[in-house]
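To start, the structure itself, in structure tokens.
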Amino acid sequence: MLMSQLYSPTLRETPAEAEIQSHKLMLRAGLLRRSATGIYTYLPLGLRVLRKVEGIIREEMDAIGGQEVLLPIVQPAELWHETGRWSDYGAEMFRLQDRNGRQFCLGPTHEEIVTALVRSEVRSYRQLPLRLYQIQNKYRDEIRPRFGLMRGREFVMKDMYSFDRDEEGLDKSYWDAYHAYERIFTRCGLEARPVEADSGAIGGDVTHEFMVLADAGEDLVLHCTTCSYAANSERAEGVSVKRDPALAQELKELTEVATPNASTIEQISAFLQVRPQDCIKTLIYLADGKPVAALIRGDHELNEIKFQKFLGVATLELADSITIYETTGAPVGFAGPVGLKIPLYADYAIVNLYNAVVGANKDEHHLTNANLERDFQVEAFADLRETQPGDPCPRCSGTLEGARGIEVGQVFKLGTKYSSALGATFLQEDGTETPLIMGCYGIGVGRTVAAVIEKNYDEDGIIWPMSIAPYHVIVVPVSIKDQAQAEAAEKLYQELQAAGVEVVLDDRNERPGVKFKDADLIGFPIRVTIGSKSLEHGQMEVTIRRTKEKLNVPIDEVVATILGIIKDGE
RNA sequence: CGGGGCGUGGCGCAGUUUGGCUAGCGCGCCUGCCUUGGGAGCAGGAGGCCGGAGGUUCAAAUCCUCUCGCCCCGACCA
């Protein structure tokens with residue numbers, strides 16, 4: 001490719017739309033342009049990188065027996081009604097109608113469509129296991145798209161679906177995918193850490209997310225400093241605590257105090273001169289429509305996922321102010337456990353708390369010295385709060401540390417959720433009809449590209465790993481008007497192409513500084529500079545982008561040198 | 001959806017508070033000269049319904065109303 005022809009307009013200045021490095025650099029290096037919020041055009045260089053990542057994914061999916069298919073983007077509503085997700089998915093789903101008024105959506109994910117495909121074709125255990133995957137655009141009308149490719153509304157995703165006859169088969173599919181993912185991210189030059197996670201709307205119990213630790217990450221990963229435990233903060237387990245008589249304190253007298261204008265923990269602790277951890281927050285929720293209360297220590301946050309799982313209810317939402325008033329007799333901010341007539345569930349952190357400050361269930365009043373058992377009882381203690389950095393590890397005696405993470409992939413054991421709902425069954429050897437046991441395994445392809453940049457850039461631009469670089473080499477004659485340089489550059493360009501190297505020749509009539517800057521910005525792993533001085537010595541200069549290392553190489557050894565560097569880099 | 005910010009040539013911005021000449025600057029782009037080891041220099045040039053619609057006014061980028069789009073924080077989310 002000739003640089004003069006390459007449609008990759010580089011920008012000297014960063015467009016105002018970008019906030020994080022990967023987004024800024026993709027715009028500046030001419031990889032990407034925005035079309036609408038969360039929707040992007042890939043320009044030639046950006047597409048080449050995307051295709052490289054896809055290529056690695058294909059190889060690893062094929063290696064574990066995956067077969068590629070291409071599933072439709074436009075999907076009929078009926079299928080989604082069958083699983084109930086037409087309504088469950090809510091506003092996040094792009095919906096459309098055909099001319100006859102028939103409803104469709106732009107696929108946000110493909111469980112329904114792939115299960116429907118398989119249900120009509122798979123009849124027998126003899127056809128299993130089956131692993132189908134696709135790489136395809138997906139559509140989610142995200143509440144808040146951001147950070148370029150990091151969270152888009154249209155995005156490229158690989159997903160594989162596995163179909164097995166039993167749990168054992170699913171387990172193998174799961175771990176095959178898990179290990180394939182480790183290889184994929186490593187080959188992309190990424191360190192992606194598998195962490196325990198929540199399965200969210202997809203469903204299923206066993207799941208890992210692959211996280212790239214980076215400041216731009218949207219998730220908080222908690223990992224143990226001494227053992228290998230790592231989990232998404234929304235999933236990270238707390239440690240169960242028992243009531244310990246040794247920690248008991250003298251029970252002081254329960255006292256009602258006026259707390260004008262103090263409804264938040266911050267205000268109350270300041271007003272009453274107590275620490276937040278000596279207060280108890282009483283949060284009123286509607287669990288399947290019925291009011292319940294969660295008691296959380298003042299300095300902690302409730303984890304709604306844990307609470308919902310613990311209660312085993314289908315819906316859980318914060319109660320509205322009317323319900324709170326009806327339940328507690330007070331406006332929001334003054335609820336407390338004493339005298340409350342709804343089920344109370346407390347986080348473990350409350351177990352050994354004495355003489356706490358709680359709401360009085362009375363406007364502008366709180367109670368001090370509230371105590372468990374004497375003043376209120378709870379239905380149960382549970383791990384209900386958001387785990388935080390500094391908390392003890394649930395697996396060992398270590399401590400959890402926090403880091404931001406970019407979720408580049410996730411593997412799930414789905415079980416029979418979709419196969420049951422959609423009637424995807426097969427016959428076992430003994431003739432019994434059984435739902436297929438499914439797993440699903442996603443990788444955000446565009447997001448992976450963004451993650452690679454987040455971890456590989458410097459003040460001059462992107463530093464591509466060899467394996468996914470848009471081109472391996474750029475050949476830069478210092479002056480294209482110098483005939484000797486132009487000819488030497490052209491000759492090397494031809495030779496590299498013949499050797500199978502992906503190469504760009506910068507044939508522009510620009511000053512060298514401009515060409516160097518663009519080469520660094522785009523991030524070609526190798527640059528060959530051809531100047532009159534080195535030519536006179538029968539040499540060319542080979543520069544490694546990542547290290548800035550320069551090698552003066554005899555002209556007839558340049559191709560071999562480059563082939564060696566490429567090989568080492570992959 | 002709540003809070004905040006921003007829309008002025010391709011990109012980055014000034015001008016808006018206090019309405020007034022022909023709407024500016026830097027970069028990029030085109031032509032010529034010159035230059036060629038880290039985003040050169042000189043000269044000439046093209047390119048803007050100031051996001052859109054209404055309104056106020058002798059006069060609107062500037063004031064008012066409505067609207068569309070974009071960014072950030074939050075709620076939310078494979």
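Rule-based calculations on the coordinates, nothing more; no lab input. Fair warning: this is a prediction, and the values are worked out from it, not measured in the lab. So basically every Cβ, Gly included, is an ideal-geometry build from the backbone, and we count neighbours across all protein chains shown.
Give the order of A:Val559, A:Val475, A:Val74, A:Val156 when sorted by the count of other beta carbons within 10 angstrom, beginning with the fewest. Spell out each step's value before the answer.
Details: A:Val559 18, A:Val475 27, A:Val74 13, A:Val156 21.
Least crowded to most crowded, the residues run A:Val74, A:Val559, A:Val156, A:Val475.
Between A:Ala270 and A:Glu429, 0.36 nm times their residue separation minus their Cα-Cα distance comes to what? Mind showing how you got there, number by number?
On the way: separation 159, 0.36 × 159 = 57.24 nm, distance 6.93 nm.
Here the answer is 50.3 nm.
Would you mind computing, in nm to one decimal, how far apart the modelled labels at A:Arg34 and A:Glu59 are, each placed 7 Å from Cα along Cα→Cβ?
3.5 nm
Taking the Cα centre of each part, how many Å lie between region A:451-491 and region A:229-278?
Measuring centre to centre over Cα atoms gives 58 Å.
Can you list the cysteines of chain A that have no other Cys Cβ under 4.7 Å away?
Singleton cysteines: A:Cys105, A:Cys188, A:Cys279, A:Cys440.
Check the straight Cα-Cα distances from A:Lys481 and name the aspartates and glutamates below 13 Å, setting aside those fewer than 8 residues away within the same chain.
A:Glu490, A:Asp506, A:Asp507, A:Glu510
Roughly speaking, what is the centre-to-centre gap between region A:70-92 and region A:331-346 when only Cα atoms are used, to the nearest Å?
40 Å
What is the Cα centroid distance between region A:433-448 and region A:353-410, reported in whole angstrom?
So the separation of the two Cα centres works out to 34 Å.
Using the structure shown, list the pairs from A:Lys517/A:Lys567; A:Lys252/A:Lys281; A:Lys309/A:Lys455; A:Lys309/A:Lys362; A:Lys52/A:Lys455; A:Lys281/A:Lys306 with a Cα-Cα distance above 28 Å, or answer none.
Listed pairs above 28 Å: A:Lys309/A:Lys455; A:Lys309/A:Lys362.
Which of the aspartates and glutamates could be linked to A:Lys548 by a straight reach, that is with a Cα gap under 16 Å, when you skip same-chain ones fewer than 8 residues away?
A:Asp458, A:Glu459, A:Asp460, A:Asp518, A:Asp520
Tell me, what is the FRET efficiency for A:Glu82 and A:Glu19 to the nearest 0.05, using R0 = 60 angstrom and their Cβ-Cβ distance as r?
Values: r = 40 Å, r/R0 = 0.67.
With a Förster radius of 60 Å, E is 0.90.
To the nearest 500 deg cm²/dmol, what mean residue ellipticity at 222 nm is calculated for chain A from DSSP H runs of n ≥ 4 alone, each contributing -39,500 (n - 2.57), summed and divided by the residues? List each step's numbers first, then the result.
On the way: 15 runs with 154 residues, N = 570.
Estimated from H runs of four or more residues: -8000 deg cm²/dmol.
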